[in-house]
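S.K.: Pasting in a structure now, in structure tokens, and then I'll have a few things to ask.
The values are calculated or read from the model by the stated rules, or taken from the named source; none is laboratory data. For clarity, every value in this text was computed on a predicted model and none was experimentally measured. A quick note on method: Cβ atoms are made from the backbone with ideal geometry, for glycine too, and the neighbour counts reach across all protein chains shown.
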Amino acid sequence: MAITDFTIIRRSMTARLFSTVTTIVTVAVSVALMLVLLSMRDAGKTAFERGSGNMHLLVSRDAAPMVAVLNGVFYANAPARSLTWDKYRQIADALPFEWAIPTLQGDSYRGFPVMATVPEFFRDFRVAADTPWTFAHGRAFQASFEVVVGSQAAAATGARVGDTLYLTHGVEPPRQLRAAGSDGAASPHIHTDFKFTVVGILAPTGSSHDRALFTDLTSSWILHAQDKREREHGHEDEADHDHDHDHDHDHDHDAEPLLTAADLTDDDKLLTGVYLRVLTRDGSDASAVLPSVFDTLRRDISITVASPNDQIRRLFGIIGNIDQLFVAMAAVVMISSSIAIMLALYNSMEQRRRQVAVLRVLGASRGRIFGLVVTESALLGLLGAAAGVIAAVLAARAAAWVLKRDLGLVVSPALTLEWVLVVCAATVALAALAGVLPAMIAYRTPVVRSLRPLG
Amino acid sequence: MPDPALSIRALKFRYASSDAAEAAPPWTIDIPTLDLAPGEHLLLTGSSGRGKSTLLYLIAGVLDLSPPSTGEVRVAGRNIHALRGAARDTFRGRSIGMIFQTFHLLPGFSAVENVMAALMFSDIPAREHRTRALSLLDRLGITTPDRDPDRLSVGQQQRVAVARALACRPALVLADEPTASLDPENSAAAVELIQSVCREQNAALLCVSHDPSLPSRFARRASLDELAAPAPAVASGGAA
């Protein structure tokens, strides 16, 4: 096989193997960083959108639509204000909804939020259009005091079908606050009077709901009503105080008989949210009536109406700048890696001066020498980019695995061919540009002086 | 009648002075006329620093003949300094072979690859490069063509350098102190080898050296001072 320009480039690279490898690794790291950030940016948004699934609107009494979505879909906090059952019926009956699922939050189990709802939640609501609820074990709740546990909550608490749970009224504060003994944050009350039986463990959905437990509304209403009665009975002088989920309840259960569903009044039947889906054509998620339904609901100033998809888009619009900052940082790292290529080649030029002079004598033009160095630089960039793509695929998968394990977010870090090509092309172009200075040095190599005998 | 392998006319060269106010220094090279017929061998002698290597680089066109330097250098009938850029480099690669005092073999390339490196700039089809290089190395007694030159003896390294210089069948071979790195025994053998291969290829040989053992091996020899005289004195005698 004949010697070609590529042979010369290859020999030049292998002659400085350590420098070549470290330069390629530097480029690979920067390319991988850029690709992972780009892929995770898109995938992160998609993962957030999974939580709201096929719901069109969310109604609550939170202060703002964004808060409603963060609380009602992502379990950020238990909503502080409640909707009445009558209000729910009024909303559900007045407008053309495919379904309207009432929800009640405010209880927890070992730090994991509990959502009380109706059995239709598992039939009608989906975390994503293509993801119906699937039970890893057991079934959906059908009666009071039955509970279904999300996959992540089940893994963390060790809950199994048949286990008995005692729910906490309110949400337990973070462990460090409890350890500090903050007297301002009284410990929530655990309802040991009401046994809940685990009847189902959900398969992972890759949404925020994996962290939650689900029970029926009546059970939760009984829990809250019992709490309310005991509070009124034990602290009559504190009557009319606002319903506070995190309030301490130091009381005597023996003095108050346990309530049943028959004891519930309309005042006990409170909700914190309503998941809504308007009528759509079969196979379509869009609805022509959605804007008008949304406007109609918004006219009611006693409720907050949120379009989860819009709020998630807004949220990503807000954090988009941070996102761009990360991408800008990755771009800076890419430029730094190009400088590394330039330094590696620049430092090698002194050693290669004689080789360049010999090639000139053998018939290589200055332009060809220039091209050899620029091509070598671009090749370093290309190899680094190729290694970076492989590293990015592995890193993105690892990051997705960690996000799913720790946050329950299903992130599908798809490296789109478009981004891969753009980043690789940019890397090669930057690398070629970085090779211009060393190439100029090679171009200007004084042949006569470089061929003088050593010593 | 074929063009001379080398034809020099009114060549005057000196390195550019860094001090413009300084009086013009004498010419480093001042050769009114010099011709070398195809296949002819000439030994050019002179003390160190006299400008022998400079003359070779001028002939090879790697040193520019820019004002105030003047003159004409023709290799195989082509005025090499009239050629610009890549055209001159290509012409040099195909028409001139150079042998250096310290060989200047390419590091990281085997013996045969060093020879093939010269062929990559020629118009010889690529598929013939390896065969041609191996044949030439075999002719020069290199039995381990795939070995790195660093692992060859000094004598073998020089033979690889000779093979590289002659790989493109040049019209003119320029040898710059080709025996300076060799002991007397190897020197004689090396010059004999260079001359015989040049004869086989009918290549003209211009060898510059201050090795006192060489003049007897060249039928034609001259010093730079002699060439500088209006009527160049060319001594004859000895083996061709």
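S.K.: Could you tell me whether the range A:425-440 includes any residue that is modelled with pLDDT under 95, touching a strand residue (DSSP E or B) at 6+ places or on another chain (Cβ under 6 Å) and at negative phi?
M.R.: The answer is no; no qualifying residue exists.
S.K.: Please find, among A:158, A:138, A:111, the residue that is at positive phi, in the same structural domain as residue A:282 (by TED's automatic domain parsing), surrounded by fewer than 17 Cβ atoms within 10 Å (Cβ to Cβ) and modelled with pLDDT of 90 or more.
M.R.: Exactly one residue qualifies, and that residue is A:158.
S.K.: Just name the residue that is farthest from residue B:60 (Cα to Cα) out of those in the range B:197-229 that are over 16 Å from the mean Cα position of the chain (by Cα) and assigned to a helix (DSSP H, G or I).
M.R.: Top of the filtered list is B:216.
S.K.: Looking at the range A:72-97, which of the residues that are among the aliphatic types (A, V, I, L, M) and out of contact with any strand residue (DSSP E or B) (no Cβ under 8 Å at 6 or more places or on another chain) is surrounded by the most Cβ atoms within 10 Å (Cβ to Cβ)?
M.R.: Taking the candidates together, the pick is A:80.
S.K.: Using the structure shown, decide if residue A:364 is over 28 Å from the mean Cα position of the chain (by Cα), within 14 Å of chain B (Cβ to nearest Cβ), assigned to a loop (DSSP other than H, G, I, E, B) and farther than 28 Å from residue A:37 by Cβ.
M.R.: Against the criterion (over 28 Å from the mean Cα position of the chain (by Cα), within 14 Å of chain B (Cβ to nearest Cβ), assigned to a loop (DSSP other than H, G, I, E, B) and farther than 28 Å from residue A:37 by Cβ), residue A:364 qualifies.
S.K.: Do we find that residue A:284 is modelled with pLDDT of 80 or more and part of a loop (DSSP other than H, G, I, E, B) in this structure?
M.R.: Considered against the rule, which asks whether it is modelled with pLDDT of 80 or more and part of a loop (DSSP other than H, G, I, E, B), residue A:284 comes out as no.
S.K.: Please go through the range A:415-455 and pick out each residue that is assigned to a helix (DSSP H, G or I) and within 11 Å of chain B (Cβ to nearest Cβ).
M.R.: Those that are assigned to a helix (DSSP H, G or I) and within 11 Å of chain B (Cβ to nearest Cβ): A:447, A:448, A:449, A:450.
S.K.: Taking the condition of being under 30 Å from residue B:71 (Cα atoms), at the interface with chain A (Cβ under 9 Å from one of its Cβ atoms) and part of a loop (DSSP other than H, G, I, E, B), how many residues in the range B:118-136 meet it?
M.R.: 2
S.K.: Next up: Quick check, is residue A:317 out of contact with any helix residue (DSSP H, G or I) (no Cβ under 9 Å at 6 or more places or on another chain), modelled with pLDDT under 80 and closer than 17 Å to residue A:65 by Cβ?
M.R.: Yes: the conditions hold for residue A:317.
S.K.: Within the range B:91-116, track down each residue that is more than 7 Å from chain A (Cβ to nearest Cβ) and within 22 Å of residue A:9 (Cβ to Cβ).
M.R.: B:105, B:110, B:111, B:112, B:114, B:115
S.K.: Among residues belonging to the range A:1-20 that are assigned to a helix (DSSP H, G or I) and surrounded by fewer than 14 Cβ atoms within 10 Å (Cβ to Cβ), point out the one that is nearest to the other protein chains (Cβ to nearest Cβ).
M.R.: Selected residue: A:14.
S.K.: Which of the residues that make up the range B:167-196 are closer than 15 Å to residue B:142 by Cα and either part of a loop (DSSP other than H, G, I, E, B) or within 14 Å of chain A (Cβ to nearest Cβ) (or both)?
M.R.: Residue satisfying the conditions is B:167 alone.
S.K.: With respect to the numbered conditions (1) outside the structural domain of residue A:350 (by TED's automatic domain parsing); (2) within 24 Å of residue A:377 (Cβ to Cβ), which one is the sole condition not fulfilled by residue A:66?
M.R.: (2)
S.K.: Hey, another quick one. Tell me the residue from B:89, B:146 that is within 17 Å of the chain's Cα centre (by Cα) and of a type in the set (Asp, Glu), please.
M.R.: B:89
S.K.: Give me the residue from the range B:148-171 that is of a type outside the set (A, V, I, L, M) and in contact with a helix residue (DSSP H, G or I) (Cβ under 6 Å, 6 or more places away or on another chain) and, out of that set, farthest from residue B:94 (Cα to Cα).
M.R.: B:155
S.K.: Next up: Quick check on residue B:73: is it touching a residue at least 12 places away in the same chain (Cβ under 8 Å), within 26 Å of residue A:366 (Cβ to Cβ), within 13 Å of another protein chain (Cβ to nearest Cβ) and not aromatic (Phe, Trp, Tyr)?
M.R.: In short, no.
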